[in-house]
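Quick notes on the structure that follows.
The values are calculated or read from the model by the stated rules, or taken from the named source; none is laboratory data. Being a predicted model, the structure only gives us computed values, none of them experimental. Backbone-built Cβ (ideal geometry, glycine too); neighbour counts: all protein chains shown. What goes into the accessible areas is simple: the full protein's heavy atoms, side chains included, and nothing from ligands, DNA or RNA. Shrake-Rupley method; radii C 1.70, N 1.55, O 1.52, S 1.80 Å.
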Amino acid sequence: MADLVGYGCTAGVATIVLDNPPVNALGQALRAALLAALARAAADPEVAVVIIAAAGRSWPVGADIREFGKPPLLPHLPAVCAALAAFPKPVIAALRGSVLGGGLELALAASLRVAATGTVFGLPEVTLGILPGAGGTQRLPRLIGAAAAIEMMVTGAPVAADKALALGLIDKIAAGDVVQTAAALAKAHVDGRLPLPVAAVRPVQGPADASANLVAVAAARALGHPPHDRAAPRIVDCVEAAFLLPPEEGFDFERTAFGDLIATAEAKALRHAFLAERRGAKSLPAGGDPAPKLSEVAVVGGGAIGAGLATGLLSAGLTVMLIEADELAVSQTLSRVVRAQEAAVKRGDLSPKKHLDDWLNLKVGHSVSDAAGADLVIEALPELLSLKAQVLAQIGAALAPGVPIFSITCGLDAARLAIASGRPEAHLCLYLTEPVRQVKLVEIAAGDGLGAPALAMVRALAKTLGWRLLRPGPQPGFLGKRLWTCLGDAADRCLAAGATPYQIDRALRAYGLPMGPYELRDLYGLDHVLPGQPIRRDGVAPAPEGQALADWLRVSGRLGRRSGQGYHHYQDVGHAAQSDDAVLAEADRLRPPQRLPAEDIQRRVLAGLANDGAWALAEGRLRQPSDYDLVAMAQGFPRWRGGAMQAADQAGLLGLRNDLTRWAATGDGFWQPAPLWDDLIRNGRSFADLNQS
């Protein structure tokens with residue numbers, strides 16, 4: 001325990017150094033060691049002032065994720081912060097790196113806060129469905145005022161050091177080393193040149209007029225929040241308590257609210273999503289190779305994906321060589337890039353000058369030999385194995401040894417493409433869908449011979465474009481296209497049960513999806529590769545009614561939003577989806593209409609997705625349930641439900657398994673429960689128990 005906290009005392013100044021690599025997470029051992037160090041400084045009559053600093057790259061960034069979801073261990077962080085706030089001697093917090101969550105709450109309890117240039121501050125607990133529970137909702141508004149405190153806590157967005165100084169959140173930005181700056185202030189206090197107050201008597205710097213703070217509280221409350229956002233309204237309530245209640249009662253109010261929130265299904269799901277992202281990051285082997293050079297990327301093949309990649313790479317400051325077979329294809333791809341950049345300028349994401357600079361970094365070629373100078377080649381040709389294999393062979397022959405080649409594909413065999421490239425150690429596949437600028441998670445697949453340099457390059461590319469990476473497995477293949485197919489198959493079975501496409505989409509939007517599956521098909525178009533090339537597990541066929549309706553739409557020329565008609569009608573009320581009488585009539589011809597409540601639609605879709613995840617585990621195409629949840633959330637499954645597997649755990653495995661069994665009794669293999677359901681139920685376990693620690 002003592003190793004987690006360094007302690008030294010010189011000339012009346014005690015320096016406590018927190019040292020819990022890699023990010024000084026405030027786990028139980030560190031909390032206990034810090035309390036012990038504070039007690040030592042309090043008992044030493046030679047100590048006149050205390051500096052708390054942090055080793056490594058950052059001040060504590062918050063709680064230890066290893067303690068998430070477990071009973072809290074003594075000493076609790078609120079008690080540590082309370083001890084610091086009541087400390088009988090001045091305490092200077094020397095801050096740097098990321099001062100987040102519990103780390104910021106700890107700093108708020110100090111007498112004085114000094115920050116290094118570049119330090120960022122934030123209370124992101126709302127993203128986990130909770131609120132700051134160690135005094136943050138009370139100390140922060142009393143320090144900087146209700147309006148600024150509510151904005152920080154309700155958005156969870158970090159603020160930079162200069163803004164923190166302007167708000168009064170910190171007292172000084174260090175011109176040089178932050179610990180040396182803190183030491184100079186401490187020495188001035190010891191010498192009697194700069195009397196420093198203890199935290200308990202330090203004057204509040206925020207607005208002194210309580211009524212103004214309560215007006216800010218009322219304004220925040222009037223904004224309203226969606227029903228699933230339980231944390232934000234409670235944060236506002238706690239800020240109000242900070243100005244209406246005595247301090248101790250305010251802290252009690254906060255702890256009660258924290259306890260209520262942490263037990264909600266939404267908070268559990270958001271914690272699950274947070275941990276799932278960290279597990280997913282470990283799906284790639286740890287990289288020891290240095291970051292590779294990435295200044296020029298060649299993109300072979302345009303279309304929506306190629307143009308989206310080119311736009312993102314240009315925006316990141318890279319040079320892009322765009323290679324197309326003919327002038328018409330070049331013109332079409334360049335037009336897509338221009339439209340994307342103009343839209344970014346209109347949104348304010350891109351300045352007109354940057355637009356021009358980006359355009360000057362775009363080069364055009366007509367032969368794969370033009371990619372010879374690139375650090376990376378990305379092949380984004382149409383989803384045809386023969387075409388991709390032929391061009392990959394040409395690329396592999398044209399490049400210098402070691403240059404990685406990445407292929408964009410929805411479901412082609414990664415091993416065959418790697419062999420076709422002639423350099424399987426440097427080739428991998430990326431599952432990427434449009435619009436590329438909205439992509440946050442990218443699955444990768446590769447043959448057995450993939451080398452470390454290619455992995456280092458894909459990490460560099462992901463960092464450049466803001467992607468998270470996931471490598472499913474151990475059996476090869478992507479989850480994204482399979483999950484897309486499963487969602488559509490589940491919707492089609494709701495259609496077969498009597499619901500209309502409009503009712504199904506409306507029910508799933510109410511569940512939290514940004515778009516229903518039929519709206520999504522319309523958005524891409526029924527002739528697009530995503531709805532056009534489904535991937536199903538063995539023994540599953542499309543629902544006949546859904547297949548027949550899709551065929552009728554294609555024959556009728558109703559290919560989706562761009563044609564104004566698809567599963568829905570888009571020519572009235574702007575481009576909003578409207579129920580279409582002709583589609584309803586055709587659906588009724590295929591099966592008798594029957595009322596299917598929204599809750600039933602939602603349950604069928606959830607059961608179908610969770611069952612597909614269970615089968616993917618059995619087939620070895622999925623390492624752990626939370627990886628399936630990552631892909632589901634990337635495709636729009638609400639984060640506050642945690643993904644399909646987490647939502648199934650919350651709904652109850654026994655009831656869902658019984659539903660699957662009942663629906664499968666009709667002979668439809670789609671509903672056949674995976675054996676894993678019975679194994680988990682028999683042993684009193686959940687999907688979450690199968691996730692790696």
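Please find, among Leu73, Leu95, the residue that is touching a residue at least 24 places away in the same chain (Cβ under 8 Å), open to solvent by 40 Å² or more (accessible area, probe 1.4 Å) and within 30 Å of the chain's Cα centre (by Cα).
On inspection, the qualifying residue turns out to be Leu73.
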Failed criterion for Ala43 (all others in (1) more than 34 Å from the chain's Cα centre (by Cα); (2) under 20 Å from Leu131 (Cα atoms) hold): (2)
Hits in segment 76-92 (condition: open to solvent by 10 Å² or more (accessible area, probe 1.4 Å) and either small (Gly, Ala, Ser) or under 30 Å from the mean Cα position of the chain (by Cα) (or both)): His76, Leu77, Pro78, Ala79, Ala82, Ala83, Ala85, Ala86
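Within the bounds of segment 123-142, is there any residue that is over 30 Å from Ala265 (Cβ atoms) and not acidic (Asp, Glu)? Can you show your working first?
Start the filter on segment 123-142 by keeping residues that are over 30 Å from Ala265 (Cβ atoms), which leaves 142.
Narrowing the set further to residues that are not acidic (Asp, Glu) leaves 142.
Yes - at least one qualifying residue is present in segment 123-142.
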Residue count for segment 115-172, restricted to those that are under 18 Å from Arg234 (Cβ atoms), in contact (Cβ under 8 Å) with a residue 60 or more places away in the chain and hydroxyl-bearing (Ser, Thr, Tyr): 2
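Results for (1) without any contact (Cβ under 8 Å) to a residue 60 or more places away in the chain; (2) basic (Lys, Arg); (3) not in a loop (DSSP other than H, G, I, E, B), shown as yes or no for each residue.
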site: Pro542; (1), (2), (3): yes, no, no
site: Leu549; (1), (2), (3): yes, no, yes
site: Arg562; (1), (2), (3): yes, yes, yes
site: Gln571; (1), (2), (3): yes, no, no
site: Arg595; (1), (2), (3): no, yes, no
site: Asp612; (1), (2), (3): no, no, yes
site: Leu617; (1), (2), (3): no, no, yes
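Conditions tested, residue by residue: (1) of a type in the set (Asp, Glu); (2) modelled with pLDDT of 95 or more; (3) under 26 Å from Tyr431 (Cα atoms); (4) exposed (fewer than 13 other Cβ atoms within 10 Å of the Cβ).
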site	(1), (2), (3), (4)
Tyr518	no, yes, yes, no
Tyr524	no, no, yes, no
Gly539	no, no, yes, yes
Gly560	no, no, yes, no
Tyr570	no, no, no, no
Ala577	no, no, no, no
Residue identified as out of contact with any Cys (no Cβ under 8 Å at 6 or more places or on another chain) and closer than 23 Å to Arg271 by Cα among Arg657, Arg623: Arg623
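Would you check if Val605 is in contact with a strand residue (DSSP E or B) (Cβ under 8 Å, 6 or more places away or on another chain) and in a helix (DSSP H, G or I)?
Values: in contact with a strand residue (DSSP E or B) (Cβ under 8 Å, 6 or more places away or on another chain): no; in a helix (DSSP H, G or I): yes.
Judged against the criteria, Val605 is not a match.
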Where a residue in segment 681-692 is free of Cβ contacts under 8 Å to residues at least 60 places away in the same chain and its partner, wherever it lies, is surrounded by 18 or more Cβ atoms within 10 Å (Cβ to Cβ), with Cβ under 7 Å and at least six apart: Ile681/Leu653; Ile681/Arg657; Ser686/Asp649; Ser686/Leu653; Ser686/Leu680
Answer from Arg554, Arg604 - the residue that is in contact (Cβ under 8 Å) with a residue 12 or more places away in the chain, in contact with a Cys (Cβ under 8 Å, 6 or more places away or on another chain), over 30 Å from Ala446 (Cβ atoms) and among the basic types (Lys, Arg): Arg604
Cβ pairs under 6 Å, 6+ apart, first in segment 54-67 and touching a residue at least 60 places away in the same chain (Cβ under 8 Å), second surrounded by fewer than 22 Cβ atoms within 10 Å (Cβ to Cβ): Trp59/Gly97
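I'm trying to understand the selection: among the residues of segment 385-411, which are within 16 Å of Leu450 (Cβ to Cβ) and buried (at least 17 other Cβ atoms within 10 Å of the Cβ)?
Taking segment 385-411 and keeping what is within 16 Å of Leu450 (Cβ to Cβ), we get 392, 396, 401-407, 409.
Listed by number, the residues that qualify are Leu392, Gly396, Val403, Pro404, Ile405, Phe406, Ser407, Thr409.
What do you reckon, is Leu479 farther than 30 Å from Leu526 by Cβ, surrounded by 22 or more Cβ atoms within 10 Å (Cβ to Cβ) and in contact (Cβ under 8 Å) with a residue 40 or more places away in the chain?
Details: farther than 30 Å from Leu526 by Cβ: no; surrounded by 22 or more Cβ atoms within 10 Å (Cβ to Cβ): yes; in contact (Cβ under 8 Å) with a residue 40 or more places away in the chain: yes.
Considered against the rule, which asks whether it is farther than 30 Å from Leu526 by Cβ, surrounded by 22 or more Cβ atoms within 10 Å (Cβ to Cβ) and in contact (Cβ under 8 Å) with a residue 40 or more places away in the chain, Leu479 comes out as no.
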Segments classed as helices (runs of 4 or more DSSP H), wholly inside segment 301-407, with at least 1 members that are aliphatic (A, V, I, L, M) and touching a residue at least 24 places away in the same chain (Cβ under 8 Å): 303-315, 327-347, 385-398
Count - residues of segment 418-441 that are open to solvent by 30 Å² or more (accessible area, probe 1.4 Å) and not polar (S, T, N, Q): 9
Conditions (1) within 24 Å of Lys293 (Cα to Cα); (2) of a type in the set (D, E, K, R); (3) surrounded by fewer than 20 Cβ atoms within 10 Å (Cβ to Cβ); number of the one not met by Glu379: (3)
Candidates Glu46, Glu67 - the one that is modelled with pLDDT of 95 or more and among the acidic types (Asp, Glu): Glu46
Single match in Val583, Val631 (criterion: within 24 Å of Glu545 (Cα to Cα), aliphatic (A, V, I, L, M) and either assigned to a helix (DSSP H, G or I) or open to solvent by 20 Å² or more (accessible area, probe 1.4 Å) (or both)): Val583
Residue count, segment 1-34 (criterion: open to solvent by 50 Å² or more (accessible area, probe 1.4 Å) and either aliphatic (A, V, I, L, M) or assigned to a helix (DSSP H, G or I) (or both)): 5
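I'm trying to understand the selection: among the residues of segment 634-646, which are open to solvent by less than 30 Å² (accessible area, probe 1.4 Å) and either out of contact with any Phe, Trp or Tyr (no Cβ under 9 Å at 6 or more places or on another chain) or under 17 Å from Pro226 (Cβ atoms) (or both)? Even if it seems obvious, please write down each step before you answer.
Residues of segment 634-646 open to solvent by less than 30 Å² (accessible area, probe 1.4 Å): 636-638, 642-646.
Residues satisfying the conditions are Gly636, Phe637, Pro638, Gly642.
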Those helices (runs of 4 or more DSSP H) lying entirely in segment 142-260 with at least 3 residues open to solvent by less than 60 Å² (accessible area, probe 1.4 Å), in contact with a helix residue (DSSP H, G or I) (Cβ under 8 Å, 6 or more places away or on another chain) and on the phi < 0 side of the Ramachandran plot: 146-155, 210-223, 231-244
